[in-house]
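Each remark here refers to the structure printed beneath this line.
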Amino acid sequence: MAVPVKLSFYRQQCRDGSLRTGIEINGHTDLGRFQNEPEDPEDRDPVLAWWVDLRCKGHKLPEDPEQVRRWFLDHAEVIHRGFQELANEMEAGLDFNTWPLLWPIPRPPRGVRMLIACNASRRLDGLTMPSLLREIDDEWEEVVRTLPATERLWTL
């Protein structure tokens with residue numbers, strides 16, 4: 001039996017304020033951007049303050065970066081619903097000891113499993129998670145549409 005394709009959209013912020021956004025295809029970042037990196041190396045802190053992943057798995061998912069971009073855009077309605085429902089659910093708060101949170105997206109495309117995974121390294125970062133999820137949701141199409149291609153530096 002063929003191995004299912006794994007797609008992940010991710011956004012993560014380091015404690016230094018730098019922000020990494022990308023799309024992985026089977027574990028390789030093929031589309032991505034790094035923003036707000038401190039100019040002074042002394043100010044860099046690569047420890048993550050929080051991260052959010054949209055993880056998809058299925059046998060009929062595309063593997064070409066531009067086809068993956070199109071797939072994410074074509075399924076924006078399901079993705080929006082997932083981010084909105086999770087953000088609404090988290091409004092009341094979340095026990096910090098339950099991280100990472102894994103949220104299956106209801107009614108994904110046929111043959112695909114989708115979930116949102118998120119984590120915060122500190123309780124205060126976790127309190128901002130609903131607004132972070134809404135920000136990702138609000139910017140979804142623009143971010144996915146404009147992520148630049150990255151070079152694969154190595155393969156296994």
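The values are calculated or read from the model by the stated rules, or taken from the named source; none is laboratory data. Owing to the predicted nature of the structure, the values given are computational and were not obtained by experimental measurement. In this analysis, Cβ positions are derived from the backbone assuming ideal geometry, glycine residues included, and neighbour counts consider all displayed protein chains.
Quick notes on this structure:
- The listed residue being of a type in the set (K, R), touching a strand residue (DSSP E or B) at 6+ places or on another chain (Cβ under 7 Å), modelled with pLDDT of 95 or more and not in a strand (DSSP E or B), out of R145, R81, R69: R69
- Criterion applied to E139, E135, E89 was being in a helix (DSSP H, G or I), modelled with pLDDT of 95 or more and surrounded by fewer than 15 Cβ atoms within 10 Å (Cβ to Cβ), and the one residue passing it is E139.
- Among the residues of segment 36-63, those that are free of Cβ contacts under 8 Å to residues at least 24 places away in the same chain and loosely packed, with under 13 Cβ neighbours inside 10 Å comprise N36, E39, D40, P41, E42.
- Residues in segment 18-33 that are under 20 Å from P46 (Cβ atoms) and touching a Ser or Thr at 6+ places or on another chain (Cβ under 7 Å): G22, E24, T29, G32, R33.
- Residues of segment 14-31 satisfying the condition of being outside any loop (DSSP other than H, G, I, E, B) and over 11 Å from the mean Cα position of the chain (by Cα): C14, L19, I25, H28, T29, D30, L31
- A search for C-beta distances below 7 Å between a residue of segment 110-135 that is closer than 11 Å to M90 by Cα and any residue that is exposed (fewer than 14 other Cβ atoms within 10 Å of the Cβ), counting only pairs 6+ apart in sequence or on different chains, returns G126/F96; P130/E91.
- Condition check for G126: at pLDDT below 85, among the small types (G, A, S), touching a strand residue (DSSP E or B) at 6+ places or on another chain (Cβ under 7 Å) and buried (at least 18 other Cβ atoms within 10 Å of the Cβ): yes
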